[in-house]
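Remarks on the structure that follows.
Just so it is clear, none of the values below were taken in a lab; they were calculated from the coordinates. Just so it is clear, the model here is predicted, and its values are computed rather than measured. Every residue, glycine as well, gets a Cβ built from its backbone with ideal geometry; the counts of neighbours run over all protein chains shown.
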Amino acid sequence: MMKAFVLTLTLALAAANAAAYSMPDEQIKTPYGVLTASPSQGASLDVYTLTLGGKTLGKVEADAVNLYRVASSDSGPAYVIVDKNVPGLHCRHEFALVQISSETTASLSEGFGECMDFLDAKLTQDGVSIMLESPAIVGQKSRTEEWQWKHGVMSKAQAAAPSGLLRYDNSKYGYAVSYPASFVGQGVPDAGDGQIFTAPGNDASFTASGSYCEDGARALASFVDGYKQNEKKGSLTITYSRMTKSFAVISGIRGSRIFYAKQTFNNTSCAKFSLEYEPAAKSVYDPLIGRIANSLKLN
């Protein structure tokens, strides 16, 4: 959930660049100045600074950035969708929204739509909806997500688990995550923090858990460091890891199995999951990982 603003304008999408992955340092003209995304000076290439008329609005973590203008009248706010290219093993994009109300007033939203591609934006009676679609995967049916701005709040319109997945809700720590529909739960432990689910053929397992954490950023660092320490001990090999301000993901090989794990947090709690499976089942579970990762949410 994130604060935003209700639009009362006619929307029409204008792409900043026709290429799916354009070169960095994109620019978009608005009635209030030029919005620019450029690599931060003195920082690594995966940090971009958003500026309007030379004034810094904020920074985003990405390997490349594309900007899309949501057309509006010259007298109302201007809206620009920030498409953050974050290449990984399964996820390619995450989005943010810039609202520009005047030459001196602008805001940058939190990220949304992880692992999805931009599809469309339209005006609704209560605000605005943004449609996203899943990346094209051979042999997999495409799906869509709708994100809505209503009464100053942005949220995902459909909470139901995607096809092929079931939804696990944990009331103690207030988190939810989807897992493969064929998996069987092994029972909730006395701690009530989560549950382990196993595949019928025992070739894969899924673990969801939560905890109270006052310092979410420190918890993310500890989450990643735990895997790195195990790698030093020789118990696993990390092939990909990424940590942002709101979540961390890590994947690799543990023993004979592939693993993928993610952790996120809010003001009071942390939630995480891990999926492990045999390489022979790669074609079954790889297409699900992005959808499972995107489903991990805290209230």
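Okay, here's what the table says:
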| quantity | calculated |
| --- | --- |
| At R0 = 35 Å, FRET efficiency that the Cβ-Cβ distance of Ser283 and Glu231 yields, to 0.05 | 0.85 |
| Segment Glu133-Asp203, extension gain: residue separation times 0.36 nm, minus the distance between their alpha carbons | 22.2 nm |
| Proximal lysines relative to Lys29, as straight alpha-carbon distance under 23 Å, when same-chain residues fewer than 8 apart are discounted | Lys55, Lys59, Lys84, Lys122 |
| Pairs from Lys150/Lys297; Lys262/Lys297; Lys150/Lys172 whose Cα-Cα separation, in the structure shown, is over 21 Å | Lys150/Lys172 |
| Potential extension, Arg218-Lys59 segment - 0.36 nm per residue separation minus Cα distance | 55.2 nm |
| Of the trypsin sites (Lys or Arg not before Pro) in segment 210-275, those whose Cβ has at most 15 other Cβ within 10 Å and which sit in DSSP loop | Lys233, Lys245 |
| Charge sum, other residues only, whose C-beta stays under 14 Å from Phe197's C-beta, Lys/Arg counted +1 and Asp/Glu -1 | -2 |
| Net charge, Ser274 excluded, C-beta distance under 12 Å - Lys, Arg +1, Asp, Glu -1 | +3 |
